[in-house]
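*Asks:* Pasting in a structure now, in structure tokens, and then I'll have a few things to ask.
The values are calculated or read from the model by the stated rules, or taken from the named source; none is laboratory data. Treat the numbers as computed from the prediction; the structure is a model and nothing was measured. So basically every Cβ, Gly included, is an ideal-geometry build from the backbone, and we count neighbours across all protein chains shown. Calculation scope for accessible area: heavy atoms of the full protein, side chains included, ligands and nucleic acids excluded. Shrake-Rupley method; radii C 1.70, N 1.55, O 1.52, S 1.80 Å.
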Amino acid sequence: MFAVYGLSGPIFRGTFETLGEVAAVRRSRPVQPVAGEEPRAAPGRPSAQAISAYRQMLRVDGDRGPLYHAYQIMQRPVVSLFSEDPVERAWRLLLARRIHQAPVLDPGHRLVGIVSERDLLTTLNLDADGPRDILARQVGDVMTTPVVSADPVTDIRRIAQVMLEHGVDGVPIVNESDALVGFVSRSDVLRAVITDPPLSLWR
């Protein structure tokens with residue numbers, strides 16, 4: 001289950017399949033083939049027929065291992081920022097915690113966005129002594145909003161797909177009470193796959 005949070009609060013809650021209906025986070029449409037042309041597999045990628053043949057020759061060995069949910073791999077407690085925090089504080093926090101992004105909360109502790117190093121660099125310059133030429137901006141001025149979040153029991157494969165399709169490096173995890181309870185980054189997903197080789201990614 002996914003949700004989208006903006007400055008006015010939650011604006012969507014539903015399945016992965018309906019997430020694309022949200023205009024603010026909808027992905028650009030892929031290029032369509034010219035009518036009449038036979039679709040061909042991209043260079044270096046197997047065709048659907050090849051994949052089907054490969055699956056048929058595989059030995060069926062039943063359940064290959066557990067599927068992970070967000071709550072099993074998410075980072076907690078969550079490193080977060082407030083929309084009213086100055087950008088310099090945000091930069092120093094990301095640097096100190098060695099992270100590249102953080103969820104952003106409003107004064108009522110509701111999720112309203114996400115801020116990354118890339119966002120913060122639009123308001124400051126860096127030199128050997130740290131940030132300089134800092135514009136008088138708050139995190140809320142540079143953060144990305146709305147932001148896609150996931151439920152704690154969301155399959156991590158769905159989360160990975162959201163990251164790819166929406167071009168984000170992490171997904172905040174929000175419970176049924178709209179409270180931020182965790183954060184799943186690309187590194188968390190990769191770590192889960194690497195540490196448990198039997199994880200089935202085909203199903």
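*Asks:* Name the single residue that is modelled with the highest pLDDT among those in the stretch 126-142 being hydrophobic (A, V, I, L, M, F, W, C) and either open to solvent by less than 20 Å² (accessible area, probe 1.4 Å) or assigned to a helix (DSSP H, G or I) (or both).
*Replies:* Val139
*Asks:* Restricting attention to the stretch 86-102, and to residues there that are within 24 Å of Asn175 (Cβ to Cβ) and part of a strand (DSSP E or B), which single residue is least open to solvent (accessible area, probe 1.4 Å)?
*Replies:* Out of the qualifying residues, it is Ala102.
*Asks:* Still on this structure, I have one more. Look at the stretch 187-203 and say how many of its residues are acidic (Asp, Glu) and modelled with pLDDT of 70 or more.
*Replies:* Residues meeting the conditions: 1.
*Asks:* Could you list, in sequence order, all residues of the stretch 149-194 that are open to solvent by 20 Å² or more (accessible area, probe 1.4 Å) and in a strand (DSSP E or B)?
*Replies:* The answer is Asp155, Leu180, Val181.
*Asks:* Give me a count of the residues in the stretch 165-186 that are more than 8 Å from the chain's Cα centre (by Cα) and either modelled with pLDDT of 90 or more or over 22 Å from Glu117 (Cα atoms) (or both).
*Replies:* Final tally of qualifying residues: 11.
*Asks:* Here is a list: Arg64, Arg45. Which entry is modelled with pLDDT under 85, open to solvent by 100 Å² or more (accessible area, probe 1.4 Å) and among the charged types (D, E, K, R)?
*Replies:* Arg45
*Asks:* Ok, one more. Among the residues of the stretch 103-125, write down those that are part of a loop (DSSP other than H, G, I, E, B), surrounded by fewer than 16 Cβ atoms within 10 Å (Cβ to Cβ) and of a type in the set (S, T, N, Q).
*Replies:* Thr122 - this is the single residue of the stretch 103-125 that is part of a loop (DSSP other than H, G, I, E, B), surrounded by fewer than 16 Cβ atoms within 10 Å (Cβ to Cβ) and of a type in the set (S, T, N, Q).
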